[in-house]
Amino acid sequence: MLKPFLAGLVGAAVAVSCASAQDFKPAVVFDLGGKFDKSFNEGVWNGVKRFMDETGVEVMEFEVTNEAQREQALSRMAQRGATIVLGVGFSQADAIAKVAQENPDKMFAIVDVSWLDEPNLRQYTFKEHEGSYLVGVAAAEASESGTVGFVGGMDVPLIRKFACGFVQGVKATNPDATVLENMTGTTPAAWSDPAKGAELARSQIDRGADVIYHAAGGTGIGVIRATADQGKLAIGVDSDQYDVAPGSVLTSMLKRVDNAAYDSFMDAMNGEFTPGVVVLGLDQNGVDYVADEQNADLLTEDMRAKMEAAKEKIIAGEIEVHDYESDMSCPVEG
């Protein structure tokens with residue numbers, strides 16, 4: 001189990017005794033796209049399932065299908081006796097803050113949030129820019145045209161953070177490379193529009209891109225499949241997305257939201273739950289990339305060696321990947 005680095009704790013561990021399987025009732029509220037979106041939500045589901053498989057404890061769950069359901073779903077879980085409630089995604093921030101305030105005797109956790117201040121809430125944030133830098137190295141190495149692409153989901157600072165890290169990795173590897181960037185939209189619907197994702201991918205390919213990285217949730221499935229259909233390479237995100245288009249997915253940038261879910265529930269059950277902000281980067285195994293037998297023919301040994309060298313330098317502080325969210329800017333142009 002990943003033991004995360006806890007930063008900015010707002011207090012001592014929430015006073016919860018070690019609960020028995022009978023008394024402990026964890027719950028999760030997935031966001032738009034559903035738990036089988038083959039991306040962000042599914043990564044969380046993998047951690048939830050691992051917890052259930054190891055402990056035999058059932059996890060109550062709800063899949064949000066519209067924005068209005070978030071607060072209601074979180075509140076309902078608390079009313080149903082949930083001991084800890086996990087919210088998936090920054091869009092649930094306001095709702096979980098309110099419900100946590102209303103239920104101070106319960107534990108709450110949320111992924112992709114770091115700015116809330118509730119004494120019974122654990123928040124997970126990731127250094128997506130570091131993992132995106134590494135797949136940027138891979139994209140630049142794999143590209144034959146010198147032009148690669150990025151397709152984001154909803155145009156928010158978090159997704160700009162992915163894009164900026166990717167551009168930095170590409171440019172560090174090939175300063176002459178061109179990076180095409182598109183965002184799918186400005187509303188939550190941008191996470192679940194595979195047709196639009198496919199359209200954006202085809203447009204980038206028409207402009208010369210032969211490797212395309214997405215950070216677009218369910219929309220990204222369309223990006224990957226359209227890229228594969230055109231005989232080009234895709235890069236997945238959050239979970240290993242090789243199976244979306246076998247033989248056409250160069251690698252995936254792993255965001256270990258599965259560990260966030262697993263650790264939240266396990267710590268809560270064992271009386272070890274602490275509130276505060278958990279920051280997970282390369283050094284904490286919070287982000288990484290896929291390199292296994294499935295993509296071995298695509299991600300060559302030379303590419304892996306260059307990615308590993310960059311990874312070691314980032315961890316050692318020799319390479320500093322700029323975080324878009326730190327100042328809402330990216331110093332490297334695509």
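The values are calculated or read from the model by the stated rules, or taken from the named source; none is laboratory data. Here the structure is a predicted model, which is why all the values come from computation and not from measurement. All Cβ positions, even for glycine, are placed from backbone atoms using ideal geometry, and neighbour counts span all protein chains on display.
For the range 243-263, name all the residues that are within 19 Å of Arg202 (Cα to Cα), outside any loop (DSSP other than H, G, I, E, B) and either in contact with a Leu (Cβ under 9 Å, 6 or more places away or on another chain) or outside the structural domain of Ala209 (by TED's automatic domain parsing) (or both). Outline the logic, then answer.
Here is the first cut: in the range 243-263, the ones within 19 Å of Arg202 (Cα to Cα) are 244-250.
Going one step further and asking which of them are outside any loop (DSSP other than H, G, I, E, B), we end up with 244, 249-250.
Result: Val249, Leu250.
Could you list all residues from the range 109-125 that are surrounded by fewer than 24 Cβ atoms within 10 Å (Cβ to Cβ) and either touching a Cys at 6+ places or on another chain (Cβ under 9 Å) or in contact (Cβ under 8 Å) with a residue 40 or more places away in the chain (or both)? Talk me through it step by step, then tell me what you get.
Pass one, the range 109-125, residues surrounded by fewer than 24 Cβ atoms within 10 Å (Cβ to Cβ): 112-120, 125.
Asp112, Ser114, Asp117, Glu118, Pro119, Asn120, Thr125, listed by residue number.
The conditions are (1) of a type in the set (Gly, Ala, Ser); (2) without any contact (Cβ under 8 Å) to a residue 12 or more places away in the chain; (3) surrounded by 15 or more Cβ atoms within 10 Å (Cβ to Cβ), and Ala68 fails exactly one of them. Which is it?
Here Ala68 meets the rest and fails (3).
Report, by residue number, each residue of the range 32-55 that is on the phi > 0 side of the Ramachandran plot and either at pLDDT 95 or above or of a type outside the set (Gly, Ala, Ser) (or both). Let's see the steps before the verdict.
First, pick out the residues of the range 32-55 that are on the phi > 0 side of the Ramachandran plot: 33-34, 38.
Matches in the range 32-55: Lys38 only.
Take Ala190 and decide whether it is part of a helix (DSSP H, G or I) and without any contact (Cβ under 8 Å) to a residue 60 or more places away in the chain.
Working: part of a helix (DSSP H, G or I): yes; without any contact (Cβ under 8 Å) to a residue 60 or more places away in the chain: yes.
When the stated conditions are applied, Ala190 passes them.
So if I check each of Ala201, Ala209, which one is crowded, with 19+ Cβ neighbours inside 10 Å, among the aliphatic types (A, V, I, L, M), in a helix (DSSP H, G or I) and in contact (Cβ under 8 Å) with a residue 40 or more places away in the chain? Outline the logic, then answer.
Working: Ala209 fails: in a helix (DSSP H, G or I).
When all the criteria are applied, what remains is Ala201.
Considering only the range 91-107, state which residues are in contact with a Ser or Thr (Cβ under 9 Å, 6 or more places away or on another chain) and either within 18 Å of Asp238 (Cβ to Cβ) or crowded, with 21+ Cβ neighbours inside 10 Å (or both).
Step one: filter the range 91-107 for residues in contact with a Ser or Thr (Cβ under 9 Å, 6 or more places away or on another chain), giving 95, 98-99, 102-103, 106-107.
Correct list: Ala95, Val99, Lys106, Met107.
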